[in-house]
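Data block below; observations after.
Read-outs throughout are calculated quantities, based only on the coordinates presented, and are distinct from any laboratory measurement. Computed from a predicted structure; not experimentally measured. Because the Cβ atoms are built from the backbone with ideal geometry, glycine has one as well, and the counts that use them run over all protein chains shown.
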Amino acid sequence: MKKAITIFLLVAVTCLLTWKFVQSDSHEQPAAAMDESQVILAEYKWNGESHQISLADLNAAIAELPVYRQQNYEARADKAEYLEELIDERLKLLRATDDGFDKSLEHLKKLEDYTHQLMVEKLTEAEVDAKVVYTDEDLMAHYQANLSEYIEDAKVRATCITLDDEDLANETLDAIKAGKDIVEMAKELSEAGKLANGPGINQDDPGNTGFFTKSVSPRWLEFVETVFDQEVGEMTDAVFETDVNDETFYLIFRKEEHQPERQQEFDEVKDDIQRTVERTKKRERINEWVTEITEKGKLKTYPENIPEPPKPEEAETEESEQ
């Protein structure tokens, strides 16, 4: 027979919560802070034993949530909603205890494993994270020693019209040579929905490829290399034909800007350097710490005692004998 469960959600909850939040909104402050542990929000009985949930319990449970979730339970109505979740969780826990899940060997083993994991994490925080120290001088020294790692690749920008119709491409090039501006032509073709999906397919700024490096896309390598070889302001004399993924595209483009390779300043890459130095320092500290532990434990290993696996022919012989 199912065990009887009696749950009393107090009518006084609403009154108490209302009093609490109205009072907090008031300009008048109480003479003494309210004892939230004495404000009972719910009572229930399980197997004859009484249980209570106070306002302090509710606020403590909310405080354990991630910060982004805590913000969802600031209003009174939201707190009352979370109270129902808290009651449901506690009742389920009592039921699980009745069914003996708190004594399950499988669960206890998982709990032990998780406890050990938490212990090691806390120990690592104390022995590694807390002992890793570096200064701005360390960061600058790393930067100076690895300048080649902080070089920004050369970049170019072009105005490009990408089409999948050869006749239209030739007509477009003729119009541009006759005096039509390539940027205006790109806008007109974009509005007409005739630009193909490729370089310059930019809805906000049709034709503008934005800055890109030589490694931007292996599929469009022919186009990329050609743009890099052009002079700023130079435009293709003929329609540029290229195959990409078994499709043929027809391009007309003009090189607009070229930014040469440059050395990045320290302040630009400081965050990356900090992460690199921190990882290096942590690895060094971990190795140092492992050495300390093994020395303290007087570690001895006997890898020679690991037996060799049987050779295939020996395994077959053993199976046949069995």
Check your understanding: What value does the range 154-260 have for Rg/Rh, both radii from Cα atoms and Rh as Kirkwood defines it?
Key -> 0.93
Review point. By how many nm would the segment from residue 119 to residue 308 lengthen if fully extended, with 0.36 nm per residue of separation less the alpha-carbon distance?
Key: 64.5 nm
Exercise for review: Let me see the pair-distance distribution of the chain: every alpha carbon pair, 10 Å bin width, integer percents in order.
Suggested key: 4, 13, 12, 10, 13, 17, 17, 11, 3, 0
Exercise for review: Taking the Cβ of residue 147 as the centre, find all other residues whose Cβ is under 13 Å away and add up their charges (Lys, Arg: +1; Asp, Glu: -1).
Suggested key: -4
Exercise for review: Please list the non-local residues whose amide H lies under 5 Å from the amide H of residue 54, H modeled 1.01 Å from N, same-chain partners needing a gap of 5 or more.
Suggested key: 41
Exercise for review: Starting from the Cα-Cα distance between residue 110 and residue 274, subtract it from 0.36 nm times their residue separation and give me the gain in nm to one decimal.
Suggested key: 55.3 nm
Check your understanding: With a 10 Å Cβ neighbour count serving as the proxy for reagent exposure, in which order, fewest first, do 237, 181 appear?
Key -> 237, 181
**Study point:** Reachable lysines from residue 282, criterion Cα separation under 25 angstrom, eight or more residues apart if same chain
**Key:** 122, 131, 270, 296, 298
Point to revise | Environment charge of residue 156, counting only residues whose C-beta is closer than 15 Å and scoring Lys/Arg +1, Asp/Glu -1 | key: -4
Review point. Cross-link partners among lysines for residue 79, C-alpha distance below 22 Å, same-chain residues fewer than 8 apart left out?
Key: 20, 92
Review point. Once both axes come from the Cα atoms, what is the angle between helix 76-98 and the longest principal axis of the chain, in degrees from 0 to 90, rounded to 10?
Key: 60
Check your understanding: Stokes-Einstein at 37 °C, 0.692 mPa s, Kirkwood radius from Cα pairs: D for the range 100-223 in µm² s⁻¹?
Key -> 157
Practice item. Can you figure out the FRET efficiency of residue 78 with residue 36, using R₀ = 25 Å and their beta-carbon distance, to the nearest 0.05? Key: 0.90
Review point. Say each of residue 167 and residue 136 gets a label point 7 Å from the Cα, pointing the same way as Cα to Cβ; how far apart are those two points in nm?
Key: 6.7
Review point. How would you classify the range 74-161 from its alpha-carbon gyration tensor, with a ≥ b ≥ c the square roots of the eigenvalues: rounded for a/c under 1.5, else prolate if a/b is greater than b/c, otherwise oblate?
Key: prolate
Study note, to complete from the structure: In degrees rounded to 10, the 0-90 angle between helix 182-191 Cα long axis and the longest Cα principal axis of the chain is 50
Check your understanding: For residue 238 and residue 266 in one chain, what is 0.36 nm times their gap in residues minus the Cα-Cα distance, to one decimal in nm?
Key -> 5.7 nm
Point to revise | Radius 13 Å from Cβ of residue 119, net charge of other residues (Lys, Arg +1; Asp, Glu -1) | key: -4
Review point. Shape call for the range 175-220 from the C-alpha gyration tensor, a ≥ b ≥ c root eigenvalues: rounded (a/c under 1.5), prolate (a/b greater than b/c) or oblate?
Key: prolate
